[in-house]
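**Student:** Just passing along the structure, written as structure tokens.
Every number here is computed from the coordinates shown, using simple stated rules; none is lab data. The structure displayed is predicted, hence computed values, not measured ones.
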Amino acid sequence: MAAGDAGPSETRLTRAAIGTRALLARWRRQAGGRCLVCRGWCVDGLCAFCAARFIPARDRCDGCALPLAHAPGLAGEPRCLRCRLAPPVWSRVVTGLDYGYPWDRPIADLKFHQRLDRVAVLLRPLLAQLDDARGSGLRLVAVPVSRERLRERGYNQSWELARRLARALALPARADALFRVRDTGHQLALHRTERARNLQGAFVVSPRHAAWVRGARIALVDDVLTTGATAHAATRTLRAAGARDVQVWVVARTPDT
Ligand SMILES: [Zn+2]
Ligand SMILES: [Zn+2]
């Protein structure tokens with residue numbers, strides 16, 4: 001036998017090693033791979049340690065989703081003072097996360113880099129808050145992006161969230177109930193009042209789905225709630241089209257606005 005050739009037993013060993021590697025790879029694929037945050041192997045995309053550390057249990061104001069001052073679990077006023085004095089146009093806002101480390105990265109991956117595989121983990125904390133919505137008949141509408149943005153990106157991240165929420169909660173959803181009639185540009189550079197002005201008239205309800213919206217209880221889905229200007233404009237449009245009630249569901253809330 002020439003040097004370097006594998007003998008029968010070595011061949012068997014090599015085959016066994018390849019087989020084991022393939023099995024391990026399949027197991028990892030089925031197991032969901034690495035934790036989104038710490039990159040450790042875990043069952044479903046987020047390890048228990050990171051879930052406990054980065055998804056803190058907190059009671060939030062149901063008007064603005066900012067954390068309330070009282071300790072979690074203690075019954076208290078469901079609204080912060082600001083929302084009691086100036087109630088928002090929606091009936092409640094639900095979120096699962098504070099926007100910031102480590103969630104800013106997967107949210108940006110979903111929004112800008114076609115990482116639709118981030119959706120499942122990002123939705124889990126929100127779904128945990130939505131038990132009461134299961135099979136409730138609420139209709140899901142995603143905050144739309146403009147046609148130009150859709151062409152450039154190929155998908156609307158809010159619709160990717162909404163359709164999965166709809167499936168998980170057995171609720172109806174439509175991708176094209178609400179349209180963004182003009183691209184409002186990057187809102188981040190604008191001041192709060194400028195944002196609101198910039199969004200006036202930005203949304204319309206599709207005439208084809210006007211009857212689906214009229215009289216309906218709607219949950220408006222978006223990735224992040226910041227000043228709320230976008231959700232405010234979209235909610236007003238839905239209400240003007242006859243929606244009986246609008247809730248806002250977002251993956252994350254920026255903590256300081
Ligand atoms: Zn982890
Ligand atoms: Zn509030």
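**Student:** With θ taken as phi - 60° and the coefficients 6.51, -1.76 and 1.60, list the Karplus ³J(HN,Hα) couplings across the stretch 119-128 in order, rounded to whole Hz; mark glycine and proline as x.
**Tutor:** 4, 4, 5, 5, 7, 4, x, 5, 4, 4
**Student:** For LEU140, list long-range residues whose amide hydrogen, built 1.01 Å from N in the peptide plane, is under 5 Å from its own amide hydrogen.
**Tutor:** Here ALA173, ARG174, ALA219 satisfy the definition.
**Student:** From the Cα gyration tensor of the stretch 56-253, with a ≥ b ≥ c the square roots of its eigenvalues, which class applies: rounded if a/c is under 1.5, or else prolate if a/b is larger than b/c, or else oblate? Could you put the intermediate results ahead of the total?
**Tutor:** Numbers: a/c = 1.27, a/b = 1.20, b/c = 1.06.
Rounded, since a/c falls under 1.5.
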